[in-house]
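I have placed the structure first, in the form of structure tokens, so that the comments after it can refer back to it.
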Amino acid sequence: MVSNAVVHPQSEIFNTYGEHLTNAQLLDQYGFLLDVNDNDRVSWSLGDLFETFGVQDSGVSTRLLRLQDTLPAGHPLFENSELIFWNEDSTDTLVINSEGKISHQLWGALLVTLNPQLRLDMDLDTVLHRQQEAEGDEAGPAEGPRVLDEILSNVATAVIHLCDRRRAGSGPDGLPLGDSSDIADLLDVSDSSISLFSTTD
């Protein structure tokens, strides 16, 4: 260990490994991990999303930039959600955090990527409201069109698919990892009438 300052005999010194390191980074760089680490997260790039869902960019990136400018930081959904958190990190945006919540950027990216028919200028408030209803005391059949529930179901299914794909690519070959069908059952996103990859013109 090297010090940049003079250390007097019998004085107390402190060592820090960094304030924002995930367990993967701690293990890789220092050889240990923490039982509880608020910085733990799983992240994807936009390219990962496009590759996973077979999407050609064709304007999706532009729509994502518009969406990120449109999403209201103070919206009650992001303050009270058990599923989505408002991510202040501008470098690692498409993430699931240590609590299992998805970042608002990942939610928005999946919303736009999987639902090209969504009109950001008109539909965003309605989708935000329905997400809030679905999570709150008002959960149940929507008063509005069924398409809102299909849109949100597509996002939930996509998160499960991303996690399954990441997990399948991790660890030693042949390690029995199970599957996420129990999570899909809990979310009731296995409805065969909802197509994850459908698009409309």
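The values are calculated or read from the model by the stated rules, or taken from the named source; none is laboratory data. Given the structure is predicted, the values throughout are model-derived calculations rather than measurements. As a convention, Cβ positions derive from the backbone with ideal geometry for all residues, glycine included, and neighbour counts pool all protein chains shown. Side chains are part of the model used for accessible areas, which takes the heavy atoms of the whole protein and leaves out ligands, DNA and RNA. Shrake-Rupley method; radii C 1.70, N 1.55, O 1.52, S 1.80 Å.
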- Note on the structure: If we keep only residues of the stretch 131-143 that are surrounded by 12 or more Cβ atoms within 10 Å (Cβ to Cβ) and more than 21 Å from residue 104 (Cα to Cα), then the residue modelled with the highest pLDDT is 138
- Within the stretch 25-70, the residues that are open to solvent by 70 Å² or more (accessible area, probe 1.4 Å), aliphatic (A, V, I, L, M), closer than 24 Å to residue 100 by Cβ and in a helix (DSSP H, G or I) are 27
- Item | Cβ pairs under 9 Å, 6+ apart, first in the stretch 44-61 and more than 19 Å from residue 165 (Cα to Cα), second acidic (Asp, Glu) | none
- Any chance the stretch 110-119 includes a residue that's free of Cβ contacts under 8 Å to residues at least 24 places away in the same chain, over 11 Å from the mean Cα position of the chain (by Cα) and open to solvent by 40 Å² or more (accessible area, probe 1.4 Å)? yes
- Message: I need the full set of residues from the stretch 103-126 which are among the hydroxyl-bearing types (Ser, Thr, Tyr) and not in a helix (DSSP H, G or I), in order please.
- Response: 103
